[in-house]
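Below is one structure, written out as structure tokens; the observations come after it.
The values are calculated or read from the model by the stated rules, or taken from the named source; none is laboratory data. Predicted, not measured: the structure shown is a model, and the values here were computed from it. Note: ideal-geometry Cβ built from the backbone for every residue, glycine included; neighbour counts use all protein chains shown. We work out accessible area using only protein heavy atoms, side chains counted, and drop any ligands, DNA or RNA first. Shrake-Rupley method; radii C 1.70, N 1.55, O 1.52, S 1.80 Å.
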Amino acid sequence: MAKILGGLTTSHIPLIGKAIAQDLRNEPYWQPFFKGFPAAHEWLRKVKPDVAVVVYNDHGLNFFLDKMPTFAIGAAAEYRNADEGWGIPTLPPFRGEPDLSWHIIESVVAEEFDPVTCQEMLVDHGFTLPMKLFWPGDEPWPVRVVPVSVNTVQHPLPTPARCLKFGQAIGRAIASYPEDLRVVVIGTGGLSHQLDGTRAGFINKEFDLMCMDKIVAEPQELARYSTLDLVRLAGAQGVELVNWLVARGALTGSVGKVHSNYHIPISNTATGLLVLENRG
Amino acid sequence: MPGKARDYGIPGTPIFDGAQAQKGYALNKMCYSFNSAANREEFQRDEESYCAKYGLSPAQRSAIRNRNVLELIAAGGNVYYLAKFAGIFGLNVQDIGAQQTGMSVEQFRQKLLDAAR
């Protein structure tokens, strides 16, 4: 049977792509952000995942407003990155795990979640940068992937409660997969930030730290917020926290924190990193 | 006709809902096209024709001409698509944050640094 080893969460700011490409990891601006990752690498070397299920939001690479799915699940043998318009370097393609994708799709639909299924799917920085942060070594990527996209672009967004439940359904789906696969679940985005409006630059350290604490053992406490609560407390784009809730929901056992890091700011954003172990 | 703008009671914070999505469709579609380098070049060669091709409203064309983010949002623009427009001019999210808040880029960066305290 497939085994869910744990979850990883990180911010996915585009500027990180430039920092990686230009090798700025040790610059004073970047060091407090990148210093969080060696502990995640060490944990990944220890647990040796085969597959990463990556929960993120598309920012207008694969999906446009002509068709905007609330939830979408990739079911392709390969996923490619592409030009997003402002010049961060594209990353090499990712190998999919389509049989697991379809198993997850069948299982969550049986539980009354109805995602869009994608046999072709471009993955943007919300997906690719966390992959590069967690697996910074040489290509090819050492894990196969299942992308899960959540609408955080056009309201109404799925509620935090719905996202946690969707994650729980994904977790049950993975746990019931008959192949012996070792799986990690990744949630990307956040934490507090706002890019638009006269409140641009809004950051809420107290709220972020509370979320990073509660999500470990009491994610249901965060699922009580409405979407507008999250906009108010975490900023218009801070709603990406829902991706973390999906990923956390997929951890079916008792969850322990292995490592965390929090740093303000990278670009306009408060950044958070969590490594959570699923302890059966 | 696009739906009526709603007040969600969060000051300074646009909510990109169905009304905005209808109002901004042409503008956002144009900005989405800037994923392609060939389209970015075409826009830069002849901005007015490119806007006309996507059927932008007079308010949207004026906001594009003015490079004004708050006007673009008022005209239905979504910040994720607008970021692709801003990228053509080498503007990042701190530049557009400074513009929207009426600060210098330096002041805006300082505001972000201060949030760490």
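How do A:99, A:50 stack up against each other in accessible area, from largest to smallest, with a 1.4 angstrom probe?
A:99, A:50
A simple charge model with +1 on the Cβ of Lys and Arg, -1 on the Cβ of Asp and Glu and nothing else charged puts the dipole of chain B at about 180 debye relative to its Cα centre. Across A:56, B:8, the residue with the most accessible area heads the list, and the full order at a 1.4 Å probe is B:8, A:56.
The share of alpha-carbon pairs in the protein assembly as shown lying farther apart than 30 Å comes to 36%. For segment B:18-89, the percent of C-alpha pairs falling in each 10 Å distance bin, counted from 0 to the bin holding the largest distance, reads 23, 62, 15, 0. A 1.4 Å probe run over the protein chains yields, for segment B:18-89, 41 Å² of accessible area per residue, whole-number rounding. Between chain B and chain A, the total buried accessible area stands at approximately 3400 Å², from heavy atoms with a 1.4 Å probe. Accessible area per residue for segment A:3-278 is 35 Å², calculated with a 1.4 Å probe on protein heavy atoms, without ligands, DNA or RNA.
Note on the protein assembly as shown: with charges restricted to the Cβ of Lys and Arg (+1) and Asp and Glu (-1), its dipole about the Cα centre is near 640 debye. Between the listed residues B:78, B:107, B:36, the Cα displaced farthest toward the positive end of the dipole of chain B, a dipole computed from Cβ unit charges relative to the Cα centre, is found at B:78.
Here residue A:46 is the anchor, and the aspartates and glutamates within straight C-alpha reach of less than 13 Å, apart from those fewer than 8 places off in the same chain, are A:277.
Rounded to the nearest 5, what is the percent of antiparallel bridges among the DSSP beta bridges in the protein assembly as shown? Write down the numbers at each step before the final one.
Numbers: 19 of 42 bridges.
Taking every DSSP beta bridge within the protein assembly as shown, about 45 percent pair in antiparallel fashion.
About the Cα centre, and with charges only on the beta carbon of Lys, Arg (+1) and Asp, Glu (-1), how big is the dipole of segment A:145-206? Nearest 20 debye, please. Spell out each step's value before the answer.
Numbers: 6 positive and 4 negative charges, 34 e Å.
Value, rounded to 20: 160 debye.
Couplings 3J(HN,Hα) for segment A:135-149, derived from phi with the Karplus relation 6.51 cos²θ - 1.76 cosθ + 1.60 (θ = phi - 60°), are 10, x, x, 5, 6, x, 4, x, 10, 8, 9, 10, x, 10, 9 Hz, where x marks Gly and Pro.
Rounded to the nearest 500, the helix-only mean residue ellipticity at 222 nm of chain A stands at -10000 deg cm²/dmol, with each DSSP H run of n ≥ 4 adding -39,500 (n - 2.57).
What percent does the relative contact order of chain B come to when contacts are Cα pairs within less than 8 Å and at least six residues apart?
Details: 97 pairs, mean separation 28.7, N = 117.
So the answer I get is 25 percent.
Of the accessible area of segment A:170-219, computed with a 1.4 Å probe over protein heavy atoms only, carbon and sulfur atoms account for 50 percent. Computed on chain A, with alpha-carbon pairs under 8 angstrom and 6+ residues apart, the relative contact order is 31 percent.
Beyond 25 Å in Cα-Cα separation lie the following of the pairs B:29/B:111; A:132/A:214; A:67/B:23; A:3/A:205: B:29/B:111; A:132/A:214; A:3/A:205. Averaging Cα coordinates gives a centre for segment B:7-43 and one for segment A:78-109; these two points are 24 Å apart. For segment A:51-149, the antiparallel share of DSSP beta bridges with both residues in that region comes to about 25%.
Students sometimes get this wrong: rank A:199, A:232, A:45 by accessible area, probe 1.4 Å, all chains present, largest first. Walk me through the numbers on the way to the answer.
Numbers: A:199 45, A:232 100, A:45 160 Å².
Final ranking, largest accessible area leading: A:45, A:232, A:199.
Note on A:220-233: average number of Cβ atoms from other chains within 10 Å of each residue's Cβ is 1.
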